[in-house]
1. Can you tell me which residues in region 49-64 are out of contact with any helix residue (DSSP H, G or I) (no Cβ under 9 Å at 6 or more places or on another chain) and assigned to a strand (DSSP E or B)?
2. Under 9 Å by Cβ, and 6 or more places apart or on different chains, what pairs join a residue from region 83-107 that is without any contact (Cβ under 8 Å) to a residue 12 or more places away in the chain with one that is of a type in the set (Val, Ile, Thr)?
3. I'd like the residue in region 136-167 that is surrounded by fewer than 16 Cβ atoms within 10 Å (Cβ to Cβ), among the charged types (D, E, K, R) and closer than 20 Å to Thr105 by Cβ and, out of all such residues, is nearest to the chain's Cα centre (by Cα).
4. Kindly check whether there is at least one residue in region 168-180 that is part of a strand (DSSP E or B) and surrounded by fewer than 20 Cβ atoms within 10 Å (Cβ to Cβ).
5. Name the residues in region 65-81 that are within 18 Å of Asp115 (Cα to Cα) and in a strand (DSSP E or B), would you?
6. If I filter region 32-46 for residues that are buried (at least 21 other Cβ atoms within 10 Å of the Cβ), in contact with a Gly (Cβ under 7 Å, 6 or more places away or on another chain) and within 21 Å of Asp140 (Cα to Cα), do I get at least one hit?
7. From (1) surrounded by fewer than 19 Cβ atoms within 10 Å (Cβ to Cβ); (2) closer than 28 Å to Leu7 by Cβ; (3) in contact with a Lys or Arg (Cβ under 6 Å, 6 or more places away or on another chain), pick out the condition that doesn't hold for Ala127.
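Every number in this text was worked out from the coordinates using simple rules, so none of it is lab data. The shown structure was predicted, so the numbers you read here are calculated from the model rather than taken from an experiment. Here Cβ is always computed from backbone atoms with ideal geometry, including for glycine, and neighbour counts include all displayed protein chains.
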Amino acid sequence: MPRAALLSLLRAHAARSLDAHESEMTAAILGFVETEERCAERSLSAGHLTGSAWIVDLPRRKTLLTHHRKLDKWLQLGGHADGELDLLAVALREAREESGLASVTPVMTEIFDVDRHLIGARGNEPAHWHYDLRFLFEADADEPFVITKESKALAWIELDRVASLNAEESLLRMVRKSSE
């Protein structure tokens with residue numbers, strides 16, 4: 001995907017009715033992608049793009065979350081773009097790699113949600129920003145999944161129980177959007 005197509009996707013998301021916080025993050029991500037040619041490269045120490053998959057079951061009552069090994073918290077699946085500007089493809093790849101689910105399919109090609117969050121310094125890696133584009137996917141909750149080395153656990157969580165595992169607004173916003 002050319003950078004112009006990614007910018008178009010971000011501008012379309014910015015034009016949607018977003019809450020003030022998501023609107024600010026969308027503007028920050030848009031500015032980052034407009035000014036930083038290497039925006040998708042993990043080697044960019046100031047920050048880089050990531051792609052995430054908000055996976056819901058077909059009746060949209062549950063979401064698949066991972067207990068992230070490094071961050072030690074429950075999150076949606078996703079990962080680094082590693083130079084790829086097609087963030088939907090990144091999110092789909094990460095969803096399949098981190099869950100083993102073959103039934104994961106995009107609900108739409110538009111951005112579902114965005115988040116900009118600071119990742120703390122770790123080892124030789126300095127603190128940096130993740131500019132996360134999230135996409136909505138569906139999967140069969142009865143299909144067996146595989147827990148990879150990146151996760152402590154994977155689980156289908158009822159949407160109304162997500163806050164008991166992780167009450168960060170970033171996840172709660174996606175829960176709310178799931179029932180819209």
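1. Quick first cut of region 49-64, residues out of contact with any helix residue (DSSP H, G or I) (no Cβ under 9 Å at 6 or more places or on another chain) only: 57-59.
Correct list: Asp57 only.
2. Arg96/Val104
3. By that ranking, first place goes to Asp140.
4. So the first thing to find is which residues in region 168-180 are part of a strand (DSSP E or B), and the list is none.
Checked against the condition, which is being part of a strand (DSSP E or B) and surrounded by fewer than 20 Cβ atoms within 10 Å (Cβ to Cβ), region 168-180 yields no hits at all.
5. First pass over region 65-81, keeping only residues within 18 Å of Asp115 (Cα to Cα): 65-66, 68, 71, 73-81.
Matches in region 65-81: Leu65, Thr66, His68, Lys73, Trp74, Leu75, Leu77, Gly78, Gly79, His80.
6. Checking region 32-46: not a single residue is buried (at least 21 other Cβ atoms within 10 Å of the Cβ), in contact with a Gly (Cβ under 7 Å, 6 or more places away or on another chain) and within 21 Å of Asp140 (Cα to Cα).
7. Single failed check for Ala127: (3).
Residues are listed down the side, and each one gets a yes or a no for (1) touching a His at 6+ places or on another chain (Cβ under 7 Å); (2) among the polar types (S, T, N, Q); (3) more than 18 Å from Val146 (Cα to Cα):
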site	(1), (2), (3)
Gly47	yes, no, yes
Glu84	no, no, yes
Leu87	no, no, yes
Arg93	no, no, no
Val107	no, no, yes
